[in-house]
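Reviewing the structure listed below.
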Amino acid sequence: MTPGVTPIVAGNWKMNGTAASLDEIGDVCAGLDAEDTLPHETLLCVPATLVERAAAVAAESALSIGGEDCHAKESGAHTGDISAEMLADAGASFIIVGHSERRTDHGETDAVVAAKAEAVWRAGLTAIICVGETREEREAGKAEEVVGAQLAGSVPAAMTATNAVIAYEPVWAIGTGLVPSNDDIGAMHTFIRKTMSSRFGAEGEAVRILYGGSVKPGNAAEIFAIANVDGGLIGGASLKAADFLAICDGINA
Ligand code: 13P
């Protein structure tokens, strides 16, 4: 954890969830509301089809709702795409950009991700900007080089500690049950902190850096205790309220 910053526990539902899943969101809200004080911000990023209904369920609670991607433009002839302004209108307060599944499935480059982050800011929301190396890149000793290049290309110059969150998600740890060692997570988060501080000064010192990739109730507390890990971005384990709330408890431990 970084002294003085409020950590974030964020879920990413990916392409999962229908109206039947809204009960899980209600259960997350109830679980958060049962706590006297919360030492973290809490966020669920859901498919665009659910943002408005999820935001309605979460309206009176400590839970924020986010989107998982947006188009860089505000409006126009882009069939099937959704703008940051539309997600804001539906009740989102955060939007994930540059998730590795978008980079891989949709060929999103660092420049595309940077344009999307600027779109998130244009809409007045917070961007969660994702970076992370593949297994081959790590085994070749290039993890920091790859992540450094992604940060340089994907994080626009107007970044602040309030308009952005960085998520480090090693591609090989996503959905695999594999997690880097605590030492490797710590080394990468320290590298990201140094990179952000040298480019952005005090804003880079304070920007939240989340770890993502196979975070579960059983490993959350030890991961969140690592220096410069300011919370997590949780995929599969965010789909069930009980698991997500147990991961949130890891911040207290
Ligand atoms: P898992 O937690 O399912 O590994 O997914 C991580 C992730 O990609 C969150 O964005």
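What follows is calculated from the coordinates using simple rules that are stated; it is not laboratory data. Small disclaimer: the values here were computed from a predicted structure and weren't measured. In this analysis, Cβ positions are derived from the backbone assuming ideal geometry, glycine residues included, and neighbour counts consider all displayed protein chains.
Quick one, what does Rg over Rh come out to for the range 3-147 if you take C-alpha atoms and the Kirkwood Rh? My calculation puts Rg/Rh at 1.00.
Given R0 = 41 Å, the distance between the Cβ atoms of Thr109 and Asp183 translates into a calculated FRET efficiency of 0.85. Fully extending the segment from Asp81 to Leu38, taken as 0.36 nm per residue of separation minus the present Cα-Cα distance, adds 12.0 nm.
Here the extension length gained between Glu74 and Glu136 equals 18.7 nm, from 0.36 nm per residue of separation less the Cα-Cα distance. Under a 5 Å amide H cut-off, with hydrogens placed 1.01 Å from N, Arg208 pairs with Ile166 among residues at least 5 apart or on other chains.
With a simple spin-label model that places each label point 7 Å from the Cα along the Cα-to-Cβ direction, the separation between Asp89 and Ala59 comes to 1.9 nm. Mean sequence separation of contacting Cα pairs (under 8 Å, at least six apart), scaled by the length of the range 1-106, corresponds to a relative contact order of 25 percent.
The sum of -39500 (n - 2.57) across all DSSP H runs of n ≥ 4, divided by the residue count of the chain, sets its helix-only mean residue ellipticity at 222 nm to -12000 deg cm²/dmol. Once the Cβ-Cβ distance of Glu222 and Glu52 is raised to the sixth power relative to R0 = 30 Å, the FRET efficiency obtained is 0.25. Counting neighbouring Cβ atoms within 10 Å and putting the fewest first, the residues Glu145, Glu68 line up as Glu145, Glu68.
Within the chain, how many Lys pairs that are eight or more residues apart, or on different chains, come under 20 Å at the alpha-carbon? Mind dumping the intermediate values first?
Details: Lys14/Lys116; Lys14/Lys216; Lys14/Lys240; Lys73/Lys116; Lys142/Lys194; Lys216/Lys240.
Lysine pairs satisfying the spacing and distance rule in the chain number 6.
When you restrict to C-alpha pairs under 8 Å that are six or more residues apart and normalise by the size of the range 75-205, the relative contact order lands at 23 percent. For the chain, the convex hull drawn through the C-alpha positions has a volume of 114 cubic angstrom per residue. Multiplying the residue separation of Thr6 and Ala157 by 0.36 nm and removing their Cα-Cα distance gives an extension gain of 52.1 nm. Distance between the C-alpha centres of the range 1-67 and the range 110-164: 23 Å, rounded to the whole angstrom. Computed 3J(HN,Hα) for the range 66-71, one whole-Hz value per residue from the Karplus formula 6.51 cos²θ - 1.76 cosθ + 1.60 where θ = phi - 60°, is x, x, 9, 5, 8, 7, glycine and proline marked x.
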